[in-house]
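Asks: First, the structure itself, so that you have it in front of you.
The values are calculated or read from the model by the stated rules, or taken from the named source; none is laboratory data. What you are looking at is a predicted structure, and each value in this text was computed from that prediction instead of being measured. Cβ atoms come from the backbone with ideal geometry, glycine included; neighbour counts cover every protein chain shown.
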């Protein structure tokens, strides 16, 4: 919750807040305690005349003030928090006078956070419904009872020590604490504990949010992250975690060995710089835009990797997104699942050459290839001769084997076709 949201929250409540400059001139104010700004300013002028504003002694703490027949619990800020006197903030909460009312009660009863007030000895003076719910009871069953009636001996000792710390320091303490839920399961709560003036004594108030489920989810995510890192580092699978901007965030040693690049040099490197400029690279750009844009959760793609020696290797990559919070996709895991033969960089094959390789792998003769592609026999002979030179294969069987080893043809499809074919019946 940002400051503007918090001010909006206070607008309908019986609270008035203000911000003053070093000369105690009101800069901003708000809250729902007064119907118009003029009355709110008169109230602040009365407070300044009566109490002296932020120049009051630091141990004065919250106090009660009367204004036009109404009673408010007033809290001036600690002047030591702003020793240069550049400004201050304060808050006043109206006390309605009913027997079960108390300072902060009107505000705290409306919040789902658990709130309480205890005296220095550990006896509950006030609690809201959310706090009582943590113990599986009602607020009437909490108020007037001692800590020892609700918590175990170890917790009582720990909570009383926190109370004494707050009273000794005279200021709020933010922390996370563990407690025992009403069903006996362990719980965690996060919030503030702070000193308040209650009747004639100084007491301790607290407001907490149960973060047990949130902490459990974070712990599950942490364990999952550890499992992923173990998989990355010890499984032998070449895998990397890529940031939404396409740079390498985390990478396993198997990737460094595959690319013949030092592990430290890979982190932060644009993943695009590790790919050859092939049609597969352009197709991967479109897939990547869908992944980081949240339109796809996972995808499989073919790529041509370029290693540190400028040699190439075709590969199949599985991409899977990792969702963050409100920002959408936080990263993408890339895992190499199939690898072709490492080879020196070669001129890219034309679509006609890939079709010829696919038909050759299917057992077609030169005449069959010429008829299917509507080429002359001489054109087919030329393409086959050119392919033997490009792929370094002297015979037709060697040419087919080389096409599969280099990843030009997919080993998982029939009839034979390119690994990047857009349609199952299309060779390319």
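Asks: Considering the range 165-185 alone, what residues qualify as being exposed (fewer than 11 other Cβ atoms within 10 Å of the Cβ) and free of Cβ contacts under 8 Å to residues at least 40 places away in the same chain? Step through it out loud before you land on a result.
Replies: Let us first name the residues in the range 165-185 that are exposed (fewer than 11 other Cβ atoms within 10 Å of the Cβ), namely 168, 174, 183-185.
Once the filter is applied, which keeps residues that are exposed (fewer than 11 other Cβ atoms within 10 Å of the Cβ) and free of Cβ contacts under 8 Å to residues at least 40 places away in the same chain, the range 165-185 yields 168, 174, 184, 185.
Asks: Could you please find all residues in the range 254-270 being touching a residue at least 24 places away in the same chain (Cβ under 8 Å) and out of contact with any helix residue (DSSP H, G or I) (no Cβ under 9 Å at 6 or more places or on another chain)?
Replies: Selection gives 258, 260, 270.
Asks: Hey, another quick one. Look at the range 130-144 and say how many of its residues are part of a loop (DSSP other than H, G, I, E, B) and buried (at least 16 other Cβ atoms within 10 Å of the Cβ). First the steps, then the outcome.
Replies: Going through the range 130-144, the residues part of a loop (DSSP other than H, G, I, E, B) turn out to be 135-138, 143-144.
If we keep only those that are buried (at least 16 other Cβ atoms within 10 Å of the Cβ) as well, we get 135, 143.
The qualifying residues number 2.
Asks: Given the criteria in contact (Cβ under 8 Å) with a residue 12 or more places away in the chain and assigned by TED's automatic domain parsing to the domain that holds residue 322, does residue 229 qualify?
Replies: Here the answer is no, as residue 229 does not meet what is asked.
Asks: Hey, can you tell me all the residues within the range 346-375 that are in a loop (DSSP other than H, G, I, E, B) and under 49 Å from the mean Cα position of the chain (by Cα)? First the steps, then the outcome.
Replies: The first filter runs over the range 346-375 and keeps only residues in a loop (DSSP other than H, G, I, E, B), leaving 346-350, 362-365, 374-375.
Residues satisfying the conditions are 346, 347, 348, 349, 350.
Asks: Taking the range 145-162, which residues are touching a helix residue (DSSP H, G or I) at 6+ places or on another chain (Cβ under 9 Å), closer than 21 Å to residue 192 by Cβ and outside any loop (DSSP other than H, G, I, E, B)?
Replies: Result: 147, 155, 156, 159, 160.
Asks: Go through the range 387-407 and give me each residue that's touching a helix residue (DSSP H, G or I) at 6+ places or on another chain (Cβ under 7 Å) and not in a loop (DSSP other than H, G, I, E, B).
Replies: 387, 388, 391, 396, 399, 400, 402, 403
So that you can scan it fast, the table gives a plain yes or no per residue for (1) surrounded by 11 or more Cβ atoms within 10 Å (Cβ to Cβ); (2) at pLDDT below 85; (3) in a helix (DSSP H, G or I):
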site: 188; (1), (2), (3): yes, yes, no
site: 197; (1), (2), (3): yes, yes, no
site: 215; (1), (2), (3): yes, yes, yes
site: 220; (1), (2), (3): no, yes, yes
site: 225; (1), (2), (3): yes, yes, yes
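Asks: Follow-up question, since we're still on this one. Would you check if there is a residue in the range 362-370 being touching a helix residue (DSSP H, G or I) at 6+ places or on another chain (Cβ under 8 Å), exposed (fewer than 15 other Cβ atoms within 10 Å of the Cβ) and not assigned by TED's automatic domain parsing to the domain that holds residue 312? Before the answer, list the steps.
Replies: We begin by selecting, within the range 362-370, every residue touching a helix residue (DSSP H, G or I) at 6+ places or on another chain (Cβ under 8 Å); these are 364, 366-370.
Retained after the next criterion (residues that are exposed (fewer than 15 other Cβ atoms within 10 Å of the Cβ)): 367-368.
This time we only want the ones that are not assigned by TED's automatic domain parsing to the domain that holds residue 312, so: 367-368.
So far as the range 362-370 goes, yes, one or more of its residues are touching a helix residue (DSSP H, G or I) at 6+ places or on another chain (Cβ under 8 Å), exposed (fewer than 15 other Cβ atoms within 10 Å of the Cβ) and not assigned by TED's automatic domain parsing to the domain that holds residue 312.
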